[in-house]
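Structure first, commentary second.
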Amino acid sequence: MTKMKKICRLLFLTAYAIYLPFTVHAQRSTVGAKSLDKQIETLILRDFADASGPGGVFMVAHQGRAIYKKAFGKANMELGIALTSENVFQLGSMTKQFTAVAILMLEQEGKLDVNDPVSKYIPDYPKGQKITIHQLLTHTSGIKDFTKMKSLADIAQKEMTPKMMVDFFKNEPVDFLPGEKFDYNNSGYVLLGYLIELISGERYEDFIVKHIFDKIGMGQSYYASDRKVISKRAYGYHKKSSGYVNKTAISFSVPFSSGSLMSTTDDLLKWQNAINHNLLLNEKEKESAFSKHKLNNGQEFGYGYGWHVRAIDDVKTLEHGGSIFGFKTMVIYIPEEDIYVVGLSNCDCNSPTKVVGDIAALMLKIRIEPAN
């Protein structure tokens, strides 16, 4: 296997938020801010203790306000620059939240229905009359995930239009009939990005910036680029047996609407707060996004539209992770308690998934002492 093929087998990892749901049985207790900070930091330093290497930024918010935010490790190893909570990270598959909300915004405007078949907008899509937008959103379409195609190596560093990306995988044999299974799928979210362009008449990048980032003040969020000068960018790294190396360069036109956005912890909190306060979606659309759905046989599965729907000790959580060359990310929101936990890492050698899950479980165990 060539080096590029090996690289592309790892390209755009699908980031399932891989930890198993946590079980917390201890009674909730009240803690002060200093004690809580220490407990959170202990969990983080268990996995992010290398101050001289790449690291991560973590934030915990309660009732829409950050109550803990701290950075660990280096934003740029060559220059010895430490990470700060203002650094910009590539999000990987957390991008899918934004793509899903963009689709639901178009539904709110009456420009589409999630039950529409793909063929309504792309008439020549193979068996597109049997695949719905809903199935693309919920990873139940059965179409081939392009990240699993051997020929991905041929395009990984090429500039691709959305149509070129759809053409790349659309004629592949399906893995199963639409609605039969849940199987996490990047192709479905690339196809959703293409639909956003066709229906809105705007480029995906422009739609996200204009209708989401600019609307809710996400001033440090971008469509990813390795060429643009991006203020406070965190640089991405791999870890080899010989030590850390800079991340592999890819064309972000390939992951496109399945994994090509960048952001900060502060901007992500603005994003969650905007969702909570119906600045982007009404209650009906939010319910679709944050609910479990069913397969053809009636079996329920734990994915909404752009969010995994899970639980910690029977308390509902909304979660998603991301993984792309040089970066791993994770977010958990607990609606019942209005708790939001984010972890962003600038080395794909070190996932924040377990740490974020442990912090979320900790937050459910305690009551936050009111500020004086």
Shape of segment 152-250, Cα gyration tensor, a/c cut at 1.5: oblate
Amide H contacts of I312 (H built 1.01 Å from N, under 5 Å, at least 5 apart or other chain): T317
Backbone HN-Hα couplings from phi across segment 256-263 [Karplus 6.51/-1.76/1.60, Hz, Gly and Pro as x]: 6, 6, 9, x, 10, 9, 10, 6
Prolate/oblate/rounded call for segment 70-151, Cα gyration tensor, a/c under 1.5 rounded: prolate
Of K96/K240; K120/K270; K158/K292; K70/K215; K111/K354; K69/K170, pairs whose Cα-Cα distance is over 31 Å: K120/K270; K158/K292; K111/K354; K69/K170
Descending Cα extents along the principal axes, segment 239-372, whole Å: 49, 47, 30
Cross-link partners of K130 among aspartates and glutamates (Cα-Cα below 13 Å; sequence separation of 8 or more within a chain): D116, E180
Of L106, L136, L91, the one that fluctuates the most in a GNM where the chain has Cα springs shorter than 10 Å: L106
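Express in % the proportion of alpha carbon pairs of segment 70-208 at distances exceeding 20 Å.
52 percent
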Sparse-neighbour loop sites [trypsin sites (Lys or Arg not before Pro); segment 284-372; at most 16 other C-beta within 10 Å; DSSP]: K292
Summed side-chain charge close to G219 - residues other than G219 whose Cβ falls under 13 Å, Lys, Arg +1, Asp, Glu -1: -1
Karplus-derived HN-Hα couplings along segment 238-251 (A = 6.51, B = -1.76, C = 1.60, θ = phi - 60°), whole Hz, x at Gly and Pro: 10, 10, 10, 4, 8, x, 6, 9, 5, 5, 5, 7, 9, 8
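Just flag the trypsin sites (Lys or Arg not before Pro) in segment 45-89 sitting in loop per DSSP whose Cβ has no more than 13 other Cβ atoms within 10 Å.
Those satisfying the criteria are R46.
Expressed as cubic angstrom per residue, what is the convex hull volume of the alpha carbon set of the chain?
142 Å³
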Choice from E336, E202, E159 showing the highest fluctuation, given a GNM over the chain with Cα pairs closer than 10 Å: E336
Per-pair calculated FRET efficiency, R0 = 22 Å: A82 and D37 via Cβ, rounded to 0.05: 0.75
Label point distance in nm, S52-L279, each placed 7 Å from Cα along Cα→Cβ: 4.2 nm
Pair D214, Y184: separation of 7 Å Cα→Cβ label points (nm): 3.3 nm
Dipole of the chain [Lys/Arg +1, Asp/Glu -1 at C-beta], most positive-end residue of G73, G259, I103: G73
MRE, 222 nm, helices only [DSSP H, n ≥ 4, -39500 (n - 2.57), over the chain, to nearest 500]: -8000 deg cm²/dmol
Residue among G302, G193, G80 with the largest mean-square fluctuation in a Gaussian network model of the chain, springs linking Cα atoms under 10 Å: G80
Cut-off under 5 Å, modelled amide H: who pairs with I366 long-range: S29
Taking only Cα atoms of segment 23-136, radius of gyration then Dmax in Å: 21.9, 60
Cα gyration tensor shape for segment 43-101, rounded if a/c is under 1.5, else prolate or oblate: oblate
With DNA, RNA and ligands ignored, accessible area of E109 (1.4 Å probe; Å², nearest 10): 100 Å²
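The values are calculated or read from the model by the stated rules, or taken from the named source; none is laboratory data. What you see is a predicted model; the values in this text were computed from it and never measured. A quick note on method: Cβ atoms are made from the backbone with ideal geometry, for glycine too, and the neighbour counts reach across all protein chains shown. Ligands, DNA and RNA are stripped out before the accessible areas are found, and what is left, the full protein with its side chains, is counted by its heavy atoms. Shrake-Rupley method; radii C 1.70, N 1.55, O 1.52, S 1.80 Å.
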